[in-house]
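The values are calculated or read from the model by the stated rules, or taken from the named source; none is laboratory data. Computed from a predicted model, the values in this text were never measured in an experiment. Quick reminder, even Gly has a Cβ in these numbers, built from the backbone with ideal geometry, and neighbours come from all protein chains shown. Side chains included, ligands, DNA and RNA excluded: accessible areas come from the protein's heavy atoms. Shrake-Rupley method; radii C 1.70, N 1.55, O 1.52, S 1.80 Å.
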Amino acid sequence: MFSRAIILGLVAAVSRVSATGPCDLYASGGTPCVAAHSTTRALYAAYSGDLYQVQRASDGTYLEIAPVSAGGVANAAAQDTFCTGTTCLITVIYDQSGHANHLTQAPPGGFDGPDVDGYDNLASAIGAPVTLNGAKAYGVFISPGTGYRNDATVDIATGDAAEGMYAVLDGTHYNSGCCFDYGNAETSAHDTGSGHMEAIYFGTETVWGTGSGSGPWIMADLENGLFSGESAGENAADPSISYRFVTAVVKGEPDLWAIKGGNAASGALTTYYSGVRPSGYNPMSKEGALILGIGGDNSNGAEGTFYEGAVTSGYPTDATETAVQANIVAAKYATTSLTSGTALTAGSQISLQATTPGYTTYYVAHNGTAVSIEVVSSSSSTTLKEQASWTVTTGLWDGICFSFESVDQPGYYLRHDNFVLLVNEDDGTKQFAEDATFCPQTGLNGEGDSIRAWGYPTRYFRHYNLGLYVASNGGVQIFDSTTSFTNDVSFLIDTAFA
Ligand code: AHR
Ligand code: AHR
Ligand code: AHR
């Protein structure tokens, strides 16, 4: 039997563990967070302020999402209620450190060229659902073209000053574009030269440095180069990452810097590089802007998912980072369902019926490559009935969502290309698999299902002037029109015609 004193002591010990956030640990290590970003949880035990802000398309209003309690997980249920029947974007990722180093929609930069003046896209609020200790939360799903930035920060390292940073990312969401980064970058959003950045990079970009294997790798974006080690080449000690949840660490001080990584769901961090600066990067000329999902010059071709991260003042000790990793593991990141609505079964055959008033006799059909909605009925020709029938398969990319294979052309699937829906043969590439993977959710107009593009979760199957697209609820393309959006993206999933 335990005594009352022992039990009280155990309770106090447990609450001390849960009453510590990563930024409490950095502070007690003497390297406090000067920026702390997370849409999933508070990064300080005492933090009960806003984590992020979402905006819904239906009426343009905003909702601040806070933790359910101080130090806790984000109130995802509040977001779900607010976004029911419409679409929501993440507009602000608040800085929890008290420095107001918030991340908002990234402005155009050097990468965009003289005739492009658009801001980056904002992330869907529902692209990256997870659970933390069983409680649902949402990460930030960065599709190509999406990015967040703050060019006017407070107390972020400049020049050769010491800093550290960590991020928890989805190790299965990456590409070879430039550059899925989190960290310190140029305040002008232009490439101002080597050493003007110090950010975590994750992905398979091979133009500069690489690690071992085929990636993805954690590297450091130091500007004009992604570094896995001392020089822009292969550092065999920087491994390919295959963890679903990955902790990535980069830190730097005068002529010393390091990369560390590990499984964010278990175990410890490993040092992949620790040593001198690359030639031409000593001393550093850090500028102190903050970026998420983009390169220093706003290169926005990359993709990845961010759950939480922080930037410190001072070079954290390994002991501090060990404690931070243990805290992340204790948060118990886990996957959860990406779909809702109609339960689809791999191997079943379906048709997709429009719900827009005036178009309910129309179904998604293809003729060769081209996809459109067509009037189909039981008395249609066998050819048309087959063209309007789809075999459900598990998602070609993630094995979790779904793909839709043509009934009359097996091996050919619905996929988007430049946001137009096409039927193409599976070429076995990662790009094809991603473009052919879709996550159905309860129909945005309350009928049937809305079929979300896995890689672009702001975008859904949408008929527009009878053509088929993956469309967002407002945007630069004509088919992104908000008029009739919720109706045009909602389809009844019926049994197949053929
Ligand atoms: O260092 C790699 C990239 O090069 C930077 O992120 C970007 O600013 C430049 O294009
Ligand atoms: O449809 C959007 C993108 O366009 C696809 O992901 C890519 O294959 C093409 O460039
Ligand atoms: O695709 C048919 C109609 O075309 C859509 O309902 C409407 O948004 C567009 O004008």
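Would you confirm, using the coordinates I've provided, whether ASP255 is acidic (Asp, Glu) and away from ligand 1 (no atom under 16 Å from the Cβ)?
Numbers: acidic (Asp, Glu): yes; away from ligand 1 (no atom under 16 Å from the Cβ): yes.
So ASP255 fits the description; yes.
Can you name the number of the only condition in (1) in a strand (DSSP E or B); (2) surrounded by fewer than 24 Cβ atoms within 10 Å (Cβ to Cβ); (3) not charged (D, E, K, R) that HIS463 fails?
(2)
All but one of (1) in a loop (DSSP other than H, G, I, E, B); (2) in contact with a helix residue (DSSP H, G or I) (Cβ under 6 Å, 6 or more places away or on another chain) hold for SER242, so report the exception by its number.
Of (1) in a loop (DSSP other than H, G, I, E, B); (2) in contact with a helix residue (DSSP H, G or I) (Cβ under 6 Å, 6 or more places away or on another chain), only one is false for SER242: (2).
Taking the stretch 475-495 as the search range and keeping residues that are of a type in the set (Gly, Ala, Ser) and open to solvent by 30 Å² or more (accessible area, probe 1.4 Å), which one is farthest from ligand 1 (Cβ to nearest atom)? Spell out the reasoning first.
Here is the first cut: in the stretch 475-495, the ones of a type in the set (Gly, Ala, Ser) are 475, 481, 484, 490.
Now narrow it down to the ones that are open to solvent by 30 Å² or more (accessible area, probe 1.4 Å): 475, 481, 484.
On the way: GLY475: 25, SER481: 33, SER484: 39 Å.
The extreme case among them is SER484.
Within the stretch 428-444, is there a residue that is in the same structural domain as ALA370 (by the TED database), in contact with a Cys (Cβ under 6 Å, 6 or more places away or on another chain), under 16 Å from ALA125 (Cα atoms) and modelled with pLDDT of 95 or more?
Yes, the stretch 428-444 contains at least one residue that is in the same structural domain as ALA370 (by the TED database), in contact with a Cys (Cβ under 6 Å, 6 or more places away or on another chain), under 16 Å from ALA125 (Cα atoms) and modelled with pLDDT of 95 or more.
Quick check on my filter: what residues within the stretch 452-495 are within 26 Å of the chain's Cα centre (by Cα), among the aliphatic types (A, V, I, L, M) and within 15 Å of ligand 3 (Cβ to nearest atom)?
The answer is LEU468, VAL470, ALA471, ILE478, VAL489.
Answer with yes or no whether HIS102 is at pLDDT 95 or above and either in the same structural domain as GLU434 (by the TED database) or within 16 Å of ligand 2 (Cβ to nearest atom) (or both). Talk me through it step by step, then tell me what you get.
Numbers: at pLDDT 95 or above: yes; either in the same structural domain as GLU434 (by the TED database) or within 16 Å of ligand 2 (Cβ to nearest atom) (or both): no.
Criteria not met by HIS102.
Could you list all residues from the stretch 466-498 that are assigned to a loop (DSSP other than H, G, I, E, B), within 16 Å of ligand 2 (Cβ to nearest atom) and of a type outside the set (A, V, I, L, M, F, W, C)? Steps first, answer last, please.
Step one: of the stretch 466-498, the residues assigned to a loop (DSSP other than H, G, I, E, B) are 466, 473-477, 481-484, 489-490, 496-498.
After this cut, where a residue has to be within 16 Å of ligand 2 (Cβ to nearest atom) as well, the list is 475-477, 489.
Those that are assigned to a loop (DSSP other than H, G, I, E, B), within 16 Å of ligand 2 (Cβ to nearest atom) and of a type outside the set (A, V, I, L, M, F, W, C): GLY475, GLN477.
If a residue must be surrounded by fewer than 19 Cβ atoms within 10 Å (Cβ to Cβ) and not small (Gly, Ala, Ser), how many such residues does the stretch 156-186 contain?
Adding up the residues that qualify gives 3.
Mind checking which residues of the stretch 144-155 are part of a loop (DSSP other than H, G, I, E, B) and open to solvent by 10 Å² or more (accessible area, probe 1.4 Å)? Quick ask: steps written out before the conclusion?
The first filter runs over the stretch 144-155 and keeps only residues part of a loop (DSSP other than H, G, I, E, B), leaving 144-145, 147, 151-155.
Scanning the stretch 144-155 gives PRO144, GLY145, ASP151, ALA152, THR153, VAL154, ASP155.
Looking for whichever is surrounded by fewer than 19 Cβ atoms within 10 Å (Cβ to Cβ), in a loop (DSSP other than H, G, I, E, B) and of a type outside the set (Phe, Trp, Tyr) here; the options are SER274, SER279. Which one fits?
Exactly one of SER274, SER279 is surrounded by fewer than 19 Cβ atoms within 10 Å (Cβ to Cβ), in a loop (DSSP other than H, G, I, E, B) and of a type outside the set (Phe, Trp, Tyr), namely SER279.
Select from the stretch 67-97 the residues that are of a type in the set (A, V, I, L, M, F, W, C) and buried (at least 19 other Cβ atoms within 10 Å of the Cβ) and list them in ascending order. Before the answer, list the steps.
To start, the set of residues in the stretch 67-97 that are of a type in the set (A, V, I, L, M, F, W, C) comprises 68, 70, 73-74, 76-78, 82-83, 88-90, 92-93.
Passing the criteria: VAL73, ALA74, ALA76, CYS83, CYS88, LEU89, ILE90, VAL92, ILE93.
State all residues of the stretch 315-333 that are charged (D, E, K, R) and open to solvent by less than 10 Å² (accessible area, probe 1.4 Å); if no residue qualifies, say none. So that I can check it myself, show each step before the final result.
Restricting attention to the stretch 315-333, the residues satisfying the condition of being charged (D, E, K, R) are 318, 321, 332.
Selection gives GLU321 alone.
With the structure loaded, tell me whether ALA258 is assigned to a loop (DSSP other than H, G, I, E, B), surrounded by fewer than 24 Cβ atoms within 10 Å (Cβ to Cβ) and either among the aliphatic types (A, V, I, L, M) or not assigned by the TED database to the domain that holds ASP398 (or both) or whether it fails that test. Working first, answer last.
Details: assigned to a loop (DSSP other than H, G, I, E, B): no; surrounded by fewer than 24 Cβ atoms within 10 Å (Cβ to Cβ): yes; either among the aliphatic types (A, V, I, L, M) or not assigned by the TED database to the domain that holds ASP398 (or both): yes.
No.
Open to solvent by less than 10 Å² (accessible area, probe 1.4 Å) and among the aliphatic types (A, V, I, L, M): is that true of ALA100 in this structure?
For ALA100, the condition - open to solvent by less than 10 Å² (accessible area, probe 1.4 Å) and among the aliphatic types (A, V, I, L, M) - is not met.
Which one of ASP50, ASP59 is assigned to a loop (DSSP other than H, G, I, E, B), in contact with a strand residue (DSSP E or B) (Cβ under 7 Å, 6 or more places away or on another chain) and either buried (at least 17 other Cβ atoms within 10 Å of the Cβ) or assigned by the TED database to the domain that holds TYR26 (or both)? Can you show your working first?
Values: ASP59 fails: in contact with a strand residue (DSSP E or B) (Cβ under 7 Å, 6 or more places away or on another chain).
Of the residues listed, the single one that is assigned to a loop (DSSP other than H, G, I, E, B), in contact with a strand residue (DSSP E or B) (Cβ under 7 Å, 6 or more places away or on another chain) and either buried (at least 17 other Cβ atoms within 10 Å of the Cβ) or assigned by the TED database to the domain that holds TYR26 (or both) is ASP50.
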